[in-house]
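Engineer: First the structure, then my questions, so here it is.
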Amino acid sequence: MRLEKCWFCSSTVYPGHGIQFVRNDAKIFRFCRSKCHKNFKMKRNPRKVKWTKAYRRVHGKDMTQDSTFEFERKRNRPERYDRNLAADVLKAIPKIEKIRVSREERHHKNRMKGNKAKVQKEAEKEYGQSIHMVKAPSALLQEKIKVKVSQQQSEENPLMEE
């Protein structure tokens, strides 16, 4: 089973799915769904469309320079089996995963660095716009709601007392 990559958004195209377009120069373009195919026909650049993987790579949203991703690369050339090498690889897998997780956390932390100040600024702006809706705590304490119930109402409705 051969899994292809969508030319436009870089997602996986499974066998029997998607659309294949062959240009006059025999170049093959595979698309995962009609959305990608239509954007290709409109001559849109995937690096400028926000939902594509190319956009995320260009704008620093995805980790692309991480060397630990090279271990998952597809290798077309068969390699001779070596028991010692296989044992070393199996020992290295947890270490590689640990390194990858720490790098992802660091990447996420760097991306979210200025986010706290931005959220605070937006909250202050929203508060400034809707200050008329907020009452001071001292005003709430002074304001007491008094409800008077007349005797006539309670005598007329004996069911209400029970």
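None of the figures in this text is laboratory data; all of them are computed from the coordinates on show. Just so it is clear, the model here is predicted, and its values are computed rather than measured. Neighbour counts are summed over all protein chains in view; Cβ atoms, including those assigned to glycine, are modelled from backbone coordinates with ideal geometry.
Engineer: Among the listed pairs 61/125; 27/109; 53/116; 35/61; 5/61, which are separated by more than 30 Å between their Cα atoms?
Structural biologist: Violating the 30 Å Cα-Cα cut-off are 27/109.
Engineer: While we're here: Ranked from highest to lowest mean number of other Cβ atoms within 10 Å per residue, what is the order of the peptides 40-49, 108-117? Please list the in-between numbers first.
Structural biologist: Working: 40-49: 12.4, 108-117: 9.6.
The densest-packed peptide leads the list: 40-49, 108-117.
Engineer: Then there is this: Per 0.36 nm of contour for each residue apart, how much would the distance between residue 10 and residue 59 grow if the chain were fully extended, relative to their Cα-Cα spacing?
Structural biologist: 16.1 nm
Engineer: So how much slack lies between residue 41 and residue 124, counting 0.36 nm per residue of separation and subtracting their Cα-Cα distance, in nm?
Structural biologist: 25.4 nm
Engineer: Could you tell me how far the Cα centroid of region 38-59 sits from the Cα centroid of region 101-121, in Å?
Structural biologist: 24 Å
Engineer: For the residue pair residue 105 and residue 33, what label-to-label distance in nm results when each label sits 7 Å from Cα along the Cα-to-beta-carbon direction?
Structural biologist: Calculated label separation equals 3.4 nm.
Engineer: What order, most packed first, do the peptides 100-106, 120-126 have when packing is the mean number of other Cβ atoms within 10 Å of each residue?
Structural biologist: Output ranking for 100-106, 120-126: 100-106, 120-126.
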